[in-house]
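Quick notes on the structure that follows.
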Amino acid sequence: MSAALAEWNGSPYQEFSERPWAVPEATRLSGLRQTAVERCAEARLADARPTEAAAILETHVTANPWREEGWRLLALALYRSRRQGDALAVLRKARRQLSDELGLDLSPALADLETRILRRDPQLDRPESASLAPIASAYSSGGVRAQLEASNAVLGSLAVAGDLQTARQQRLAAIEAAAGLNNPDFAARIIGGYDVPGIWTRTDDPAAAAAVVTAAEDALASPAHLSDRSRARLLATIAMESRGTASRQAEAAEAVNLARNVGDSHLLCFALSADFMQAFARTGLAKHRENIGRQLIATAFDADSPTFEINGRLIRMQALCALSDIDSALLEANAVDQLAVRHERPLAAVFTRWFRWTFLDGGATPPVPEEMPGFSEGILAFASFTRQLRNGDELVDGDFGPYEPWVRPILLLRSGHQTNAWAALLQLPDPPQDLLLEATWCVLAQTACELREPSTISRALTALTPATGERAAESGVIDAGSVDHYLGMLRAAGAGPG
């Protein structure tokens, strides 16, 4: 079965299988899981990944031979994988089982698919856009809420298993479909049910994040009564999707308090992860983030959630880098790697590989994951740049992505364009309140000192003073060196002539 559903083990209420009350609930939950598997496969087909869809479905149809939708999707996946013979064999097997066991003919949908495969209908090779096809069909076939809840559950698993693109696309479609049901409490559950942790404070898709925040705010503003659990999920969602802004600290704090009061450890994990995303109001908060990571690890044990345990350990790894405790950070990185292998969490290793490269001279440059643009854009150039700055090497130009404005002035200065460097520096706003806050301020501090620009010297000194004693390495990826080094430089430059 796909890693997207790996956390579902066994049958529902298996230990109570003889109890009358358990039978209907176990049947309902099993049906939800079967639908979720099919929705997962359909998402892969919509994303032009038929081989992965087929792998998901082959075990599914064997275990659930009476679900015609499973047979249909498997045949279509095989056909799009250039396995026409296997696709026809699957439909023949479906016909045989339905006929022999139940006395039924193939449904019109399966019979039509067989005909179209035989004549190689070119339309079969054109997957629909990833707009959550099951949602559209749910409106005509009934069971909208059940299918939405099942899809929502799958999307979170898809994300932590590494399929971020599909999860993002499908999530917005699920939210839109839920909003159309005119049931605010249910919409709140769908919006806030995507309880996926975050570790990088720059969003992969700003437009999608803004749309989710708007939907969550609308749900909170609804006159309908929301439970504390739903309210906590919505508040945590807003804080999570507004990552790295420090503008949603109140929402994050309220979400944490509500989750504690409700007594839901999994919800508290999500709220703590969202709280971390807002923990950048100023420099020098590494100890605070380390504490969030420690709480998250302990709560993840209670929730039996390896996903949030990984999240908590990565948060601690990052914070410990800023506290210059690289040995302890390495212990967390090793624990993350073990958990990532055991629970099939490939994205976690991205951050531990970068940590080793940055702090342990860990060999070859780590790969830059294309599916994580919020992390990958400009990160290699900026990491190399801060290493050069820290070591006193020649600064090399490159594709700095979103970090370009804060790097350009010193590159202009070092290349002899002092006037342009001065003008560029004066136009710069304060750095974003995210994981690279200290590192970016240190770059500005270096530039301001070399230019002897008094207003930026004053700004940088005020901004970096709370981080006294820390290392500008709070991301676990970028290391600009000791903050005290830059503070000393700023004080010396500020005392001299302008």
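Only a single criterion out of (1) more than 18 Å from F375 (Cα to Cα); (2) modelled with pLDDT of 95 or more; (3) open to solvent by less than 80 Å² (accessible area, probe 1.4 Å) is not satisfied by G392, namely (2). Cβ-Cβ distance below 7 Å, separation of 6 or more or different chains: which pairs start in segment 452-465 with a residue that is open to solvent by less than 60 Å² (accessible area, probe 1.4 Å) and end on one that is part of a helix (DSSP H, G or I) and among the β-branched types (V, I, T)? Note: pairs meeting the criteria are L464/V483. With the requirement that a residue be in contact (Cβ under 8 Å) with a residue 60 or more places away in the chain and either over 22 Å from R356 (Cα atoms) or β-branched (V, I, T) (or both), what does segment 466-487 give you? Within segment 466-487, P466, A467, T468, V477, I478, V483 meet the criteria. Kindly provide the set of residues from segment 307-326 that are open to solvent by 30 Å² or more (accessible area, probe 1.4 Å) and touching a residue at least 60 places away in the same chain (Cβ under 8 Å), ordered by number. L323, S324 - these are the residues of segment 307-326 that are open to solvent by 30 Å² or more (accessible area, probe 1.4 Å) and touching a residue at least 60 places away in the same chain (Cβ under 8 Å).
In segment 1-84, which helices (runs of 4 or more DSSP H) lie fully inside it and hold 1 or more residues that are more than 24 Å from R171 (Cα to Cα) and modelled with pLDDT of 70 or more? I'd like the intermediate steps shown before the answer.
Details: elements: 22-46, 50-63, 68-80.
Filter on segment 1-84 gives 50-63, 68-80.
For (1) charged (D, E, K, R); (2) touching a Gly at 6+ places or on another chain (Cβ under 6 Å), each residue gets a yes or a no:
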residue: Q165; (1), (2): no, no
residue: R168; (1), (2): yes, no
residue: N183; (1), (2): no, no
residue: A187; (1), (2): no, no
residue: D204; (1), (2): yes, yes
residue: D228; (1), (2): yes, no
residue: Q249; (1), (2): no, no
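Within segment 275-295, residues that are closer than 19 Å to S242 by Cα reach partners that are open to solvent by 30 Å² or more (accessible area, probe 1.4 Å) and of a type in the set (D, E) with beta carbons closer than 9 Å, at six or more positions or on different chains, in the pairs M277/E241; Q278/E251; I292/D275. If you go through segment 425-439 and keep only what is open to solvent by less than 30 Å² (accessible area, probe 1.4 Å) and in a helix (DSSP H, G or I), you end up with L425, L437, E438, A439.
Could you look through segment 466-493, keep only residues that are of a type in the set (V, I, T) and surrounded by 24 or more Cβ atoms within 10 Å (Cβ to Cβ), and pick out the one that is nearest to the chain's Cα centre (by Cα)?
Among those that are of a type in the set (V, I, T) and surrounded by 24 or more Cβ atoms within 10 Å (Cβ to Cβ), it is V477.
Please tell me if L412 is farther than 20 Å from G481 by Cβ and either among the hydrophobic types (A, V, I, L, M, F, W, C) or touching a residue at least 60 places away in the same chain (Cβ under 8 Å) (or both). Spelling it out, L412 is indeed farther than 20 Å from G481 by Cβ and either among the hydrophobic types (A, V, I, L, M, F, W, C) or touching a residue at least 60 places away in the same chain (Cβ under 8 Å) (or both).
Taking segment 61-79 as the range and being surrounded by 21 or more Cβ atoms within 10 Å (Cβ to Cβ) and either of a type outside the set (D, E) or farther than 13 Å from Q34 by Cα (or both) as the test, the residues that pass are V61, G70, W71, R72, L73, L74, A75, L76, A77, L78, Y79. Identify the single condition in (1) open to solvent by 50 Å² or more (accessible area, probe 1.4 Å); (2) more than 30 Å from A178 (Cβ to Cβ); (3) at pLDDT below 85 that E128 does not satisfy, given that it satisfies every other one. Failing condition for E128: (2). For segment 345-389, a residue qualifies if it is of a type outside the set (A, V, I, L, M), more than 23 Å from W406 (Cβ to Cβ) and either open to solvent by 50 Å² or more (accessible area, probe 1.4 Å) or at pLDDT 90 or above (or both), and the qualifying residues are P346, T352, R353, R356, D361, G363, P367, E370, E371. Here N420 meets each of (1) under 14 Å from Q446 (Cβ atoms); (2) open to solvent by 70 Å² or more (accessible area, probe 1.4 Å); (3) at pLDDT 95 or above with one exception, condition (1).
The values are calculated or read from the model by the stated rules, or taken from the named source; none is laboratory data. Bear in mind the structure is a predicted one, so any value in this text is a computation, not a measurement. Every residue, glycine among them, receives a Cβ derived from its backbone with ideal geometry; neighbour counts consider all protein chains shown. Only protein heavy atoms, including side chains, enter the accessible area calculation; ligands, DNA and RNA are left aside. Shrake-Rupley method; radii C 1.70, N 1.55, O 1.52, S 1.80 Å.
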